[in-house]
Amino acid sequence: MRIGAIEAGGTKFVCGIGNETGFIEDRISFPTEHPEETIKNVITYFSDKNVRAIGIGTFGPINVDPKSPFYGYITTTPKPGWSNYDFLGVLKQTFNVPFGWDTDVNAAAFGEAKWGAAQGLDSCVYYTIGTGIGLGVYIEGQLVHGLVHPEGGHILVRRHGEDNFEGICPYHKDCLEGMAAGPAIERRWHMKGNELDATHPAWELEAFYIAQSVSTTILMLSPKKIILGGGVMHQEQLFPLIRSYVQQNLNGYISDTALFDDINSYIVAPVLGDNAGLCGALALGVESLKSQKSL
Ligand code: ADP
Ligand code: ZN
């Protein structure tokens, strides 16, 4: 069964074809430009692929309320042309197939739950730590939406005593994203994250901030797996540092082995690796076909 997948990122789009086992047989990638050109590329790619459904995991914020007249829109974004853009509607006019639609991070959480690090579990959260910080939430077998959708990157964090960096979030300055996303690392240390040595003090500070948000997530949602992805998490030395800070933050309060002996398999990297986004979109596509069949 051929299912289409679209991973719509702020800098690049990845389109692919896969099946219900999570196998991806083909993909292309192109830069995110003005929506007309970008969507034209998407339509051209899928036009001869004969897909049965399409899943979209996209940058946001987006409207995920099926009852809203603006369902399927990108809502507010500084990206030229994309604000209030009817992304889903435009594709629906061209392809008469069921569509899955969600944030890129909810999609990644779903893909990991179906085929990756949280396979067989009914809950997980997925943080992406890259150009921005996003949080996808899958709880009791459902992706979480609500007023809008989770925005865990903007959780407020307690400042490190020796950190005078003011933060770069345009809304909150020193929220998690303002202190710990890739561009914050670059602004603070005047070097890109991938140029900093594994022993650089940047990583201790990075773990200090990420662990606060992870601890809050554990306390609020009690997920069975925490998955940390995105470019910054390619720095593998962050994992033990984050685990250790999470243990310090919780201080033994939650008495589950996941927070003690088993923490190495509780706070993990995505198993789908750099495929997490596209596989997540594929999973949304597979699900949209299933739910249409069961109607
Ligand atoms: P995006 O968030 O734009 O989809 P990424 O997840 O690759 O893309 O994140 C890009 C950010 O991550 C940039 O700020 C970049 O400097 C940082 N980054 C990418 N690779 C690494 C690395 N190996 N180590 C540290 N930071 C990295
Ligand atoms: Zn913020």
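Before moving on, here are some points about what is shown:
- Test: THR217 is touching a residue at least 60 places away in the same chain (Cβ under 8 Å), in the same structural domain as GLY132 (by TED's automatic domain parsing), over 13 Å from VAL268 (Cα atoms) and out of contact with any Ser or Thr (no Cβ under 9 Å at 6 or more places or on another chain): yes
Okay, residues lined up against (1) surrounded by fewer than 23 Cβ atoms within 10 Å (Cβ to Cβ); (2) in the same structural domain as LYS224 (by TED's automatic domain parsing); (3) within 16 Å of ligand 1 (Cβ to nearest atom):
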site: LEU250; (1), (2), (3): yes, yes, no
site: LEU259; (1), (2), (3): yes, yes, no
site: ASP262; (1), (2), (3): yes, yes, no
site: ALA281; (1), (2), (3): no, no, yes
site: LEU284; (1), (2), (3): no, no, no
site: GLU287; (1), (2), (3): yes, no, no
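- Some residue of region 120-127 being assigned to a strand (DSSP E or B), within 18 Å of the chain's Cα centre (by Cα) and of a type in the set (Phe, Trp, Tyr): yes
- Of the residues in region 179-202, not one is within 16 Å of ligand 1 (Cβ to nearest atom), surrounded by fewer than 19 Cβ atoms within 10 Å (Cβ to Cβ), under 24 Å from GLN119 (Cα atoms) and among the aromatic types (Phe, Trp, Tyr).
- Residues satisfying the stated conditions in region 166-186, i.e. near ligand 2 (Cβ under 7 Å from one of its atoms) and not in a helix (DSSP H, G or I): CYS169, TYR171, HIS172, CYS175
- Per-region count, region 217-236, residues part of a helix (DSSP H, G or I) and crowded, with 20+ Cβ neighbours inside 10 Å: 4
- In a residue-by-residue description of region 139-153, the property of being away from ligand 2 (no atom under 16 Å from the Cβ), touching a residue at least 60 places away in the same chain (Cβ under 8 Å) and loosely packed, with under 15 Cβ neighbours inside 10 Å applies to no position.
- Within region 11-21, the set of residues being under 24 Å from ALA113 (Cβ atoms) and assigned to a loop (DSSP other than H, G, I, E, B) comprises ASN19, GLU20, THR21.
- Any hit, region 157-164, residues being within 14 Å of ILE129 (Cβ to Cβ), more than 20 Å from the chain's Cα centre (by Cα) and not polar (S, T, N, Q): no
- When restricted to residues that are within 16 Å of ligand 2 (Cβ to nearest atom), touching a Ser or Thr at 6+ places or on another chain (Cβ under 8 Å) and at pLDDT 95 or above, region 122-132 contains 1.
The values are calculated or read from the model by the stated rules, or taken from the named source; none is laboratory data. For clarity, every value in this text was computed on a predicted model and none was experimentally measured. All Cβ positions, even for glycine, are placed from backbone atoms using ideal geometry, and neighbour counts span all protein chains on display.
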